[in-house]
1. Is it the case, given these coordinates, that residue 124 is closer than 24 Å to residue 29 by Cα, at pLDDT below 95 and touching a helix residue (DSSP H, G or I) at 6+ places or on another chain (Cβ under 7 Å)?
2. Being within 12 Å of the chain's Cα centre (by Cα) and of a type in the set (Val, Ile, Thr) is the filter here; which residues of segment 18-37 pass it?
3. Mind checking which residues of segment 38-61 are in a helix (DSSP H, G or I), under 12 Å from the mean Cα position of the chain (by Cα) and not polar (S, T, N, Q)?
4. With the condition kept exactly as written, say whether any residue in segment 102-116 is in a helix (DSSP H, G or I) and at pLDDT 70 or above.
5. Would you mind stating whether residue 31 is touching a residue at least 40 places away in the same chain (Cβ under 8 Å), of a type in the set (Val, Ile, Thr) and closer than 24 Å to residue 117 by Cα?
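The values are calculated or read from the model by the stated rules, or taken from the named source; none is laboratory data. What you are looking at is a predicted structure, and each value in this text was computed from that prediction instead of being measured. Neighbour counts run over all protein chains shown; Cβ positions are idealised from the backbone, glycine included.
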Amino acid sequence: MQKRLICPQRIRKIPKQFNWVDHRLVRDRHIDQCSHRAATLYLFLVTVADAQGLSYYSDVTILQRLNMDDHGLAQARLELVRIGLIAYQKPIYQVLALDAFPLPITARTASSQPQLLGHIFQQILKEAP
């Protein structure tokens with residue numbers, strides 16, 4: 001199939017700020033593990049995050065912008081953390097790199113009990129090559 005531009009006057013250009021969605025999200029099937037609600041939250045976070053992937057948007061603002069309720073946001077956030085796409089430590093979200101994508105934390109730990117974020121990062125660093 002031969003590709004042609006549909007709207008040549010609106011070709012995407014790399015913006016000065018960081019906010020592109022990594023194509024590996026689809027290619028490596030990470031998005032396949034997300035519900036619509038989690039994918040919506042992820043898109044929002046990728047769009048508003050700084051170059052380090054950090055976002056300080058409050059839950060109240062996210063709820064309003066994404067038209068979610070508290071339970072929906074909590075579920076979407078938990079899902080993204082479980083999948084390994086974001087880290088969250090109130091009030092900060094961090095969109096995580098997809099390189100050397102580790103298994104989700106829940107798959108590597110025997111316990112389903114909550115863990116301190118520092119402990120999780122230490123465990124990830126120990127497993128890194």
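1. no
2. 21, 31
3. To start, the set of residues in segment 38-61 that are in a helix (DSSP H, G or I) comprises 38-48, 59-61.
Then drop every residue that is not under 12 Å from the mean Cα position of the chain (by Cα), which leaves 38-48.
The answer is 38, 39, 41, 42, 43, 44, 45, 46, 48.
4. No - not one qualifying residue is present in segment 102-116.
5. no
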